[in-house]
Each structure stands twice: as C-alpha cells, then as structure tokens.
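Where a number appears in this text, it was derived from the coordinates with a stated rule and is not lab data. The shown structure was predicted, so the numbers you read here are calculated from the model rather than taken from an experiment. Quick reminder, even Gly has a Cβ in these numbers, built from the backbone with ideal geometry, and neighbours come from all protein chains shown.
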Amino acid sequence: MTTTSTVHDHVRSLPADELPAYVYDLAALRTHAATVRDALPERVELYYAAKANPEPEILAALGPYVDGYEVSSGGELAHVAKAVPGRPLAFGGPGKTPDEVTAALEQGVDRFHVESAYELRMLAELARRSGRRIAMLPRVNLPLSDDSLAGSSLAMGGRPTPFGMDPAQAAEVVRTLADGTYPHLELRGIHAHLASGLEAPELLAAAAAVVAWATGLGVPLAEINVGGGMHVDYTAPERRFDWAAYGSGLARLAEAHPELTLRIEPGRALTAYCGWYATEVLDVKRSHGEEFAVVRGGTHHLRTPATKGHDQPCSVLPVEAWPHPWTRPAAEGEHVTLAGQLCTPKDTLARRVPVAGLRAGDRVLFSLAGAYAWNISHHGFLMHPRPGFHFLDAGPGGTARRDTGPGQGV
Ligand SMILES: Cc1ncc(COP(=O)(O)O)c(C=O)c1O
C-alpha cells in the first residue's frame with residue numbers, strides 16, 4: 001500500500017484552503033486487512049486495538065476482517081459500540097474507574113482485561129451487583145528471559161510499568177479465580193501485551209513465553225491474548241511486518257495447544273498505511289546554514305514524529321501555479337527540514353528531507369499517518385484550524401469521496 005494514485009489525485013484536487021487534510025484510503029485498508037487475516041491461522045482471533053485510529057469509517061472498514069475490537073477507556077467503549085454495533089469488545093487499559101466498569105457491564109462487553117488486584121476486586125463486586133457472570137483475563141507483565149523485548153520501541157512489560165500484574169501476583173489472581181472466590185468472574189485466560197514495535201520472530205518468542213507461563217499455572221485456560229505490537233518501519237514506508245512468518249509461528253503455537261484460542265490485538269500495523277496527512281508549504285527559509293519549509297498545520301495534527309522521535313515519511317506534489325504577486329520562496333539546497341506552524345522547535349515533521357527546489361505552494365503528503373496520528377495530537381495548542389477528513393472509497397461508479405469536514409474527526 002503506497003501513496004495510491006487515488007490519494008494523489010484527491011489531494012491535487014483540493015483547494016488550498018481545504019488543507020491540511022487527513023486522507024484515508026479505505027479500499028487499501030481493506031486489502032491490507034484481508035492480507036493480514038489471510039496470513040493468520042483460522043484459530044487465531046484478530047481484534048483491532050481501536051486506540052490506533054478510532055475513526056468510525058476505519059472501524060467499519062475493518063469489520064469483515066476482525067473478530068472484535070479492543071477498547072481501553074469508557075470513551076472508546078461508547079464510541080466503538082456506536083460505530084460498529086453488535087461487534088465483540090474487549091475492555092482493557094489501566095486505571096478503569098467504577099463508572100467505566102459499570103458502563104462496560106451495561107454495554108455487555110465480551111472480555112475484561114484486568115490490570116491489577118484492585119481492579120479485580122472492583123470488577124468482582126460490580127459484576128456481582130449486575131447479577132451476571134463476566135468473562136475476564138488477568139493481564140500479566142511477564143519478564144522474558146531471552147531479552148526478546150530489547151528491540152521494542154515501546155515496552156509495556158518485562159520491566160517496571162503500570163501495566164498488568166507481576167507474574168507472581170497474576171498467578172495468585174488466577175488461583176483465586178480458579179477456586180471460586182469470585183463466582184461472578186469467569187476466568188477465560190491470560191492477556192499479555194508486552195511491547196510495541198517488534199518484528200515477527202521477537203513477537204513470536206514473546207507469545208510462546210506467555211503461553212508457556214500461562215499453561216504452566218496448572219489451571220485450565222481457554223484463551224490467551226498475546227496483544228499487538230507489530231512493527232511499522234517509518235524509515236522504510238514500503239516495508240511491511242512479516243505477517244506470513246508471524247501467522248506460521250502462531251499456527252505452530254496453536255497446534256501445540258489445541259485447547260487454547262489465541263488472540264492478537266494489533267493497532268498500528270493494521271491502520272498506519274491507510275492514512276496520509278496532506279498539506280502545503282507556506283514558507284521556505286534558511287537558518288544558520290539549514291533550510292526549513294514551514295507547512296500549514298504541524299505536530300498538533302500529526303504528533304507521531306514528535307512522540308516517536310522519527311522523521312515522518314513524505315513525498316512532494318509540485319504545484320506550478322503561484323497565485324500571489326509577491327515572490328515565491330524556494331529551497332536552494334538539496335535538503336529541507338519540514339516544520340509546522342507551532343512556536344516550538346519540537347514542531348518538526350521531518351528533518352533534512354531530499355526535496356531540492358521545494359517551493360511555497362507545493363503540497364506535501366506525509367504517509368504512514370493512519371495510526372496514532374490525529375487522535376494522539378494536541379489539537380488545541382495555538383488554536384490553528386483543524387484539518388479536514390476525507391475517506392476515499394471505491395464505490396460502484398469508481399472512487400467515492402466523503403468529507404467529514406474540519407473538526408469532525410475525533
Ligand atoms: C493493551 C494493548 N493492546 C494492543 C495495543 C496495540 O499496540 P500496537 O498499536 O503497537 O499494535 C496496545 C497499544 O498500546 C495496548 O496497550
């Protein structure tokens with residue numbers, strides 16, 4: 001899934017005052033999701049971690065390829081339940097409040113991922129009051145002896161973190177659940193999202209370690225959720241996580257444990273590739289020997305490069321027309337740093353990009369902007385206008401387009 005011509009054409013067709021805009025290619029998203037689903041063995045369930053991108057159009061487009069959705073707050077729960085009604089939901093995330101848990105019980109979520117012993121007691125009491133039996137999975141923060149998480153960009157397990165429970169405590173919780181202390185809680189299995197940004201071999205090693213630990217507890221378990229965390233390589237936007245290798249590895253794990261349902265809950269590696277942040281160059285200048293282009297918008301819309309400390313991959317759509325009577329600024333050198341409109345040096349989208357001759361008025365398309373992008377950004381800072389949102393789709397008569405308009409996104 002590269003920058004599709006559909007996306008190029010659409011961005012070229014937009015008037016300048018409709019930039020910046022998020023442009024999503026839903027057909028490309030479906031193709032990618034189908035590839036992921038096909039690579040996984042039938043017995044492995046695929047949940048989408050909605051936190052990566054909860055736009056209703058994205059959630060709906062993924063619908064045919066996923067078994068359910070993972071939500072991590074009461075807000076996500078209400079939003080996803082409305083966007084994709086009737087689909088299975090797993091409710092995880094640290095610091096659930098009693099009100100959120102009550103809302104989730106009323107909503108009838110399919111799985112609770114329990115993050116602590118305190119949360120277990122809260123859930124047990126609220127489940128008792130609801131009169132229902134709740135399917136749940138304690139989340140374990142498992143250390144991996146072979147340092148499998150070393151390559152992770154965002155480790156949530158195997159070290160001190162607020163996520164899940166220490167193995168000893170999780171084992172204790174499992175025993176308590178197995179001995180009937182909490183009759184309103186049904187122990188389904190174990191949840192362990194340990195890290196993000198891992199390649200297939202490391203993720204498989206982590207999954208195998210979680211399964212070995214869980215099955216070694218001596219308590220019958222029906223399912224194990226090994227989380228998400230598939231790597232997205234922002235330095236090589238054409239590269240993809242090796243879903244085929246991951247799927248084969250999971251198939252071997254599943255065959256070794258016919259009693260278990262394995263579940264994964266990726267976010268980033270499902271949706272990153274279907275979104276672009278499109279904008280235009282406002283100004284080009286030289287500062288202390290380096291060239292900068294200031295683009296309309298910035299990291300208050302696309303925070304991903306600031307949070308991950310990377311250069312967001314991008315391409316330029318040259319625009320020949322220049323509507324102003326004043327001289328058009330243009331880059332003189334080979335490399336230009338692309339910055340946004342915020343009054344902070346942290347508002348940098350990509351450094352020293354090889355875009356010789358870049359001019360004000362040229363358009364820039366930042367790719368891999370379909371996950372942890374708009375919805376993790378600090379939109380209010382400096383009160384610039386919000387971007388538009390465009391969901392491109394292939395309808396019966398060709399490419400259909402829907403604009404939700406600025407500010408309608410999240
Ligand atoms: C519990 C849990 N599951 C799944 C995910 C999705 O991770 P990723 O987007 O890296 O696949 C996250 C991300 O933070 C998470 O916290």
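Cα extents of the chain along the three principal axes, largest first, in whole Å?
The principal-axis extents, from largest down, are 80, 42, 41 Å.
Starting from the amide H of E70, placed 1.01 Å from N in the peptide plane, find each other amide H under 5 Å away whose residue is 5 or more places distant or on another chain.
Y48, A49, A50, A90
Which links in K51/K82; K51/K96; K285/K346; K285/K308 stretch past 24 Å when you go from one Cα to the other?
Working: K51/K82 15 Å; K51/K96 15 Å; K285/K346 18 Å; K285/K308 26 Å.
Those over the limit are K285/K308.
Amide H of H191: which non-local residues (sequence gap of 5 or more, or other chain) have their own amide H closer than 5 Å, using H built in the peptide plane?
Those lying under 5 Å, H to H, from H191 are R139, V140, N225.
Nearest-5 percent of antiparallel DSSP beta bridges in segment 123-272? Can you show the working numbers first?
Numbers: 2 of 14 bridges.
Around 15 percent antiparallel, to the nearest 5.
Quick one: putting +1 on the C-beta of Lys and Arg, -1 on the C-beta of Asp and Glu, what dipole do you get for segment 107-214 around its Cα centre, in Debye to the nearest 20?
On the way: 10 positive and 12 negative charges, 119 e Å.
Result for segment 107-214 is approximately 560 debye, rounded to the nearest 20.
Compute the long axis of helix 117-130 from its Cα atoms, compare it with the longest principal axis of the Cα atoms of the chain, and write down the angle in degrees, 0 to 90, nearest 10.
80
Using Cα atoms only, what is the angle between the long axis of helix 167-178 and the major principal axis of the chain, expressed in degrees (0 to 90) to the nearest 10?
50
Share of antiparallel DSSP beta bridges in the chain, in percent to the nearest 5? Intermediate results must be reported in sequence, preceding the final value.
Working: 31 of 66 bridges.
In the chain, DSSP labels about 45 percent of beta bridges as antiparallel.
Using only Cα atoms, figure out Rg for segment 263-360 and give it as a multiple of 2.2 N^0.38 Å.
Values: Rg = 15.0 Å, N = 98, 2.2 N^0.38 = 12.6 Å.
Dividing the Cα Rg of segment 263-360 by 2.2 N^0.38 Å gives 1.20.
Using the 2.2 N^0.38 Å rule of thumb for compact globular proteins, work out how segment 107-230 stacks up: its C-alpha Rg over that value, please.
Numbers: Rg = 14.5 Å, N = 124, 2.2 N^0.38 = 13.7 Å.
With N residues counted in segment 107-230, Rg over 2.2 N^0.38 Å equals 1.06.
If one takes the longest principal axis of the Cα atoms in the chain, at what angle in degrees, from 0 to 90 and to the nearest 10, does the Cα axis of helix 98-107 lie?
Helix 98-107 sits at roughly 90 degrees to that axis.
For the chain, with a Gaussian network of springs between Cα atoms less than 10 Å apart, report the residue from L77, L382, L260 with the top mean-square fluctuation.
L382
What list of ³J(HN,Hα) values in whole Hz, one per residue of segment 226-243 in order, does the Karplus curve 6.51 cos²θ - 1.76 cosθ + 1.60 (θ = phi - 60°) give from phi, with Gly and Pro shown as x?
Rounded to whole hertz, the list is 9, x, x, x, 5, 5, 10, 8, 6, 8, 9, x, 7, 6, 10, 3, 7, 5.
Kindly put C274, C314 in sequence by how many other C-beta atoms sit within 10 Å of each C-beta, fewest to most. Let's see the in-between values first.
Values: C274 31, C314 24.
With the sparsest Cβ surroundings first, the list reads C314, C274.
Is it possible to state the helix-based mean residue ellipticity at 222 nm for the chain, with each DSSP H run of 4+ residues giving -39500 (n - 2.57), the sum divided by total residues, to the nearest 500 deg cm²/dmol? What is it? Could you put the intermediate results ahead of the total?
On the way: 11 runs with 115 residues, N = 410.
Mean residue ellipticity at 222 nm (helix-derived): -8500 deg cm²/dmol.
Counting Lys +1, Arg +1, Asp -1, Glu -1, what net charge surrounds E332 among other residues with beta carbon under 15 Å of its beta carbon? Kindly include the intermediate steps, with their values, before the conclusion.
Numbers: positive: K285, R286, R328, R352, R359; negative: D283, E290, E291, E334, D362.
Its environment carries a net charge of 0.
Could you state, as a whole-number percent, how many of the C-alpha pairs of segment 40-266 are farther apart than 21 Å? Walk me through the numbers before you get to the answer.
Numbers: 13870 of 25651 pairs.
So the pairs more than 21 Å apart make up 54 percent of the total in segment 40-266.
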